[in-house]
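Report on the structure given below.
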Amino acid sequence: MAKIYTSQADEDTITAVLRRGFRSSGPKWTVLRLALALSLKQADDPDASFDQIEQGGRGSEYTLEILTGSSQKEEAGFVDAFCALLSVRHGVDLFANEALYTRWLQRHIRRGLKEIQTTWRDSHDFHEFLFQEFFSQTADAPASERTQNSDSLLSALSELGFQSEILTQFEGPRVTRHTVRLAEADDFGKLERRLDDLAFTLGLKDAGVFMAAAGAPKTVWLDVPRPAAAWKSHGIEVLTAWKAPAGGLPVLLGLDVVGEPVARDLVSAPHLLVAGTTGSGKSVCLHGMLLSLLQSRSPQQVQWLLIDPKRVELAAYAQVPHLYAPIVTEGPDAVRALQGLVKEMDRREKLLAARSARDWDGLGVDAPPRLLVVVEELAALLAQAQEAEAPLVMLAQKARATGIHLILATQRPDSATFSGLLRSNIPSRIALTVQKSAESKIVLDETGAERLLGRGDMLVKWTGSAVQRAHGLHIQNNDVSALVQRVTRKGTGT
Ligand SMILES: Nc1ncnc2c1ncn2[C@@H]1O[C@H](COP(=O)(O)OP(=O)(O)O)[C@@H](O)[C@H]1O
Ligand SMILES: [Mg+2]
């Protein structure tokens with residue numbers, strides 16, 4: 001009888017989900033089916049590494065009958081449903097090949113279990129985790145079904161009781177900025193409180209209207225999103241055309257609502273949190289920052305420590321000359337690497353003292369390279385190795401003068417992942433789209449990120465300055481590999 005096999009780590013995950021996630025001793029197949037669903041959500045296929053089970057572990061085995069439910073006397077058609085599902089997914093007739101069917105089934109289930117293991121933390125409610133994993137669709141949410149024009153905006157405003165006049169309109173990359181004069185001065189506050197109603201009246205679904213004072217009396221800007229099909233694209237070409245300023249670690253984040261570049265200096269951050277729901281564009285945003293540095297800074301100026309617990313996102317950088325150490329994918333290695341950086345920070349402090357320099361720029365031209373630590377998914381890292389938090393906190397607290405900077409990305413900016421100590425020492429934030437206004441407050445200390453458009457739309461809060469909206473550059477995987485190849489061949493950045 002055909003079976004699928006699990007490893008000891010898989011079994012630990014299953015047990016954890018049942019005991020601490022569901023707080024029940026229910027049947028294990030419920031977890032296996034969830035894992036299957038999680039894996040099927042991913043666009044790529046699980047690889048052959050899930051065929052292997054390490055020797056000597058306490059893994060387990062499951063008959064197809066248990067997985068597909070026929071032993072629970074469900075409809076026989078249910079068995080066929082699984083097989084049909086995977087046949088469609090992989091474009092082969094798996095009814096004719098049971099061995100191949102079980103192989104794909106095992107790969108998906110084990111990948112799903114691994115996904116749970118690397119991204120779900122005990123402290124995080126499991127039902128909430130599932131909700132986020134299954135229902136975060138912001139990446140594909142249509143910004144707006146209808147094209148808005150000045151008439152529809154005027155009539156929506158008057159429906160809500162605001163007499164107004166539209167002075168100008170400007171089409172930015174994704175939103176149209178309407179400059180609107182309101183009849184009464186105190187309409188400003190009233191309208192600000194009714195932006196959700198305005199978006200609703202305009203038929204904007206989850207995306208929202210952003211409003212700001214336009215300078216002149218009683219005049220405001222209303223930024224109304226256009227349908228995604230009417231966006232102006234801005235991808236890698238914007239980055240390659242960008243002239244990075246001298247000094248610091250400048251990164252190009254995207255274009256603002258009227259199409260001007262939005263760039264920041266990571267040195268002034270001096271540490272950064274990037275947060276947003278799954279599919280909101282965090283990884284693409286990280287690529288934009290790394291490529292900004294790759295094309296404008298040499299390894300003598302900056303070196304990277306890349307921590308990628310999910311293993312896939314940053315793999316493209318494995319050969320760049322800017323790596324401080326090989327890309328770290330395992331929790332224990334990350335802890336060692338971060339502890340090593342804390343030691344490096346101490347060495348650097350001594351160097352500063354010996355040369356009576358106050359900060360890294362004070363060392364002059366022969367300063368050792370700045371170091372940039374990037375954690376691609378903080379929640380996954382801490383789920384694998386909670387001990388990673390202590391060195392991260394130490395670096396966040398003290399590393400700025402020594403030229404060491406952190407970028408932490410996470411889909412879960414809650415207190416379990418982003419503890420008070422990290423929070424208070426990481427003042428700069430990028431919020432991509434989040435699900436709820438409460439999450440926006442956690443990231444930015446204000447609401448708004450729940451009204452963003454997905455796909456790299458972001459609110460940027462840099463230490464010491466007001467929140468600015470930017471539409472992220474649409475960097476694609478082949479853009480990354482092309483630029484990496486170019487720089488790797490040349491040996492250095494500029
Ligand atoms: N700036 C952007 N412009 C257009 N599409 C984007 C942009 N950023 C992200 N996307 C789309 O959203 C998808 C998910 O982005 P990703 O960075 O992988 O999200 P996350 O890391 O937050 O899960 C991308 O594959 C891409 O299709
Ligand atoms: Mg990502």
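Things to note:
- Between the listed residues ALA214, GLY161, GLY203, the Cα displaced farthest toward the positive end of the dipole of the range 150-230, a dipole computed from Cβ unit charges relative to the Cα centre, is found at ALA214.
- On the range 292-383, 50 percent of the accessible area sits on carbon and sulfur atoms, based on a 1.4 Å probe.
- Cross-link pairs LYS282/LYS436; LYS310/LYS441; LYS41/LYS461; LYS282/LYS490; LYS282/LYS310; LYS190/LYS461 - those with Cα-Cα distance over 20 Å: LYS310/LYS441; LYS41/LYS461; LYS282/LYS490; LYS190/LYS461
- Relative contact order, percent, the range 150-230 [alpha-carbon distance under 8 Å, six or more residues apart]: 30
- Each of the GluC sites (Glu not before Pro) that DSSP puts in a loop and that has at most 16 other Cβ atoms within 10 Å breaks the chain; the longest unbroken stretch is 185-329.
- Alpha carbon Rg of the chain, scaled by the compact-globule rule 2.2 N^0.38 Å: 1.08
- When +1 charges are put on Lys and Arg Cβ atoms and -1 charges on Asp and Glu Cβ atoms, the dipole computed for the range 150-230 relative to its Cα centre reaches about 200 debye.
- Other residues lying with their Cβ under 14 Å from the Cβ of SER481 contribute a combined charge of 0, Lys and Arg counting +1, Asp and Glu -1.
- The lysines within cross-link reach of LYS243, meaning a Cα-to-Cα straight distance under 17 Å and a gap of 8 or more places when in the same chain, come to none at all.
- Near the amide H of ILE404, within less than 5 Å, lie the amide hydrogens of LEU371, all on another chain or at least 5 residues away, with H placed in the peptide plane.
- Computed from point charges on the beta carbon alone (+1 for Lys and Arg, -1 for Asp and Glu), the dipole magnitude for the chain about its Cα centre is near 1220 Debye.
- Environment charge at SER465 (Cβ cut-off 15 Å; Lys +1, Arg +1, Asp -1, Glu -1): 0
- Summarising the amide proton neighbourhood of LEU323: residues at separation of 5 or more, or on other chains, whose placed amide H is nearer than 5 Å comprise TRP304.
- The range 150-230 - percent of accessible surface contributed by carbon and sulfur, probe 1.4 Å: 51
- Rounded to whole Hz, the Karplus (6.51, -1.76, 1.60) HN-Hα couplings of the range 238-251, x for glycine and proline: 5, 5, 5, 7, 6, 9, 5, x, 6, x, x, 10, x, 10
- The eigenvalues of the Cα gyration tensor, multiplied by 5 and square-rooted, give the range 236-490 an equivalent ellipsoid with semi-axes of 25, 22, 19 Å from largest to smallest.
- Rounded to whole numbers, the Karplus 3J(HN,Hα) couplings from phi for the range 33-47 are 5, 4, 4, 4, 5, 4, 5, 5, 5, 7, 6, 8, 8, x, 8 Hz, using 6.51 cos²θ - 1.76 cosθ + 1.60 with θ = phi - 60°, and x at Gly and Pro.
- Mean sequence separation of contacting Cα pairs (under 8 Å, at least six apart), scaled by the length of the chain, corresponds to a relative contact order of 16 percent.
- Remark: relative contact order (the range 216-344) = 16 percent; criterion is Cα-Cα distance under 8 angstrom and separation of 6 or more residues.
- Working note: Karplus 6.51/-1.76/1.60 with θ = phi - 60° gives the range 21-31 the couplings x, 9, 6, 8, 10, x, x, 5, 4, 4, 5 Hz, where Gly and Pro are set to x.
- Farthest toward positive dipole pole in the range 229-299 [+1 Lys/Arg, -1 Asp/Glu at C-beta], among ALA263, LEU239, SER296: SER296
- Hits among aspartates and glutamates - C-alpha to C-alpha of LYS350 under 14 Å, sequence gap 8 or more where chains match: ASP359
The values are calculated or read from the model by the stated rules, or taken from the named source; none is laboratory data. Model, not experiment: these values are computed from the prediction. Counting neighbours? That spans all protein chains shown, and the Cβs are built from the backbone with ideal geometry, glycine included. Accessible surface areas use protein heavy atoms only, side chains included; no ligands, DNA or RNA. Shrake-Rupley method; radii C 1.70, N 1.55, O 1.52, S 1.80 Å.
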